[in-house]
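Chemist: Have a look at this one before I ask anything.
Throughout, read-outs are computed from the coordinates displayed, never taken from laboratory work. Computed from a prediction, not measured in an experiment: that's the story for all the values here. So basically every Cβ, Gly included, is an ideal-geometry build from the backbone, and we count neighbours across all protein chains shown.
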Amino acid sequence: MLQPRIIEVKPLPNYQLYLKYDTNEKKVFDVLPYIDGDWYGKLKDEQYFKTVRLSGNTVEWQGGQDLAPHELYELSIETN
């Protein structure tokens, strides 16, 4: 089965991301467990966190931080 494609991403409070897929699934992904160290630690800055954008099959931030598409899909929670 092919991985659904993310068509929309929005930053939410508490370091969460709203994700909408081309299957019309809507999910929320918690980024907080990933925010650690020099590279991902930059996401602690809320203004920086809000710079998230679509990039290919995943999401990324200005500095190049990204998350694996399968993690975003499999570890997110469905929402309305």
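Chemist: Calculate the FRET efficiency for Ile77 and Tyr48 from the Cβ-Cβ distance with a Förster distance of 41 Å, rounded to the nearest 0.05. All intermediate terms of the calculation are to be shown ahead of the outcome.
Modeler: Values: r = 24 Å, r/R0 = 0.58.
Calculated transfer efficiency: 0.95.
Chemist: When Arg5, Arg53 are ordered from fewest to most other Cβ atoms inside 10 Å of their Cβ, what list results? Don't skip to the end; give the middle numbers.
Modeler: On the way: Arg5 14, Arg53 10.
The fewest-first ordering by Cβ neighbours comes to Arg53, Arg5.
Chemist: Using just the helices of the chain, give the 222 nm mean residue ellipticity in deg cm²/dmol: DSSP H runs with n ≥ 4 each add -39,500 (n - 2.57), and the total is spread over all residues, rounded to 500.
Modeler: On the way: 3 runs with 14 residues, N = 80.
Rounded to the nearest 500, the figure is -3000 deg cm²/dmol.
Chemist: Sticking with the crude label model, points 7 Å out along Cα→Cβ, report the distance from Asp36 to Asp66 in nm, one decimal please.
Modeler: Modelled inter-label distance: 2.3 nm.
Chemist: Can you list the HN-Hα couplings for the range 32-38, worked out from phi with the Karplus curve (6.51, -1.76, 1.60; θ = phi - 60°), rounded to whole Hz and with x for Gly and Pro?
Modeler: 3, x, 8, 7, 7, x, 5
Chemist: Further, regarding this structure: Given H placed 1.01 Å from N in the peptide plane, which residues other than close sequence neighbours of Gln16 have an amide H under 5 Å from its amide H?
Modeler: Residues meeting the criterion, in which the H sits 1.01 Å from N, are Val31.
Chemist: Moving on to the next point. Please give the peptides 20-27, 69-76 ranked by average Cβ packing (other Cβ atoms within 10 Å per residue), highest first, as a rough proxy for protection. Can you show the working numbers first?
Modeler: Numbers: 20-27: 13.5, 69-76: 15.6.
Ranking, from highest mean packing down: 69-76, 20-27.
Chemist: Please give the per residue volume of the convex hull enclosing the alpha carbon atoms of the range 8-48, rounded to a whole number of Å³.
Modeler: Working: hull volume 3.0 nm³, N = 41.
Given the Cα convex hull of the range 8-48, per-residue volume reads 72 Å³.
Chemist: Moving on. For the chain, state what percent of all Cα-Cα pairs lands in each successive 5 Å bin, counting from 0 Å until the bin that includes the largest distance.
Modeler: Each 5 Å bin holds this share of Cα pairs: 3, 16, 31, 26, 16, 6, 2, 0.
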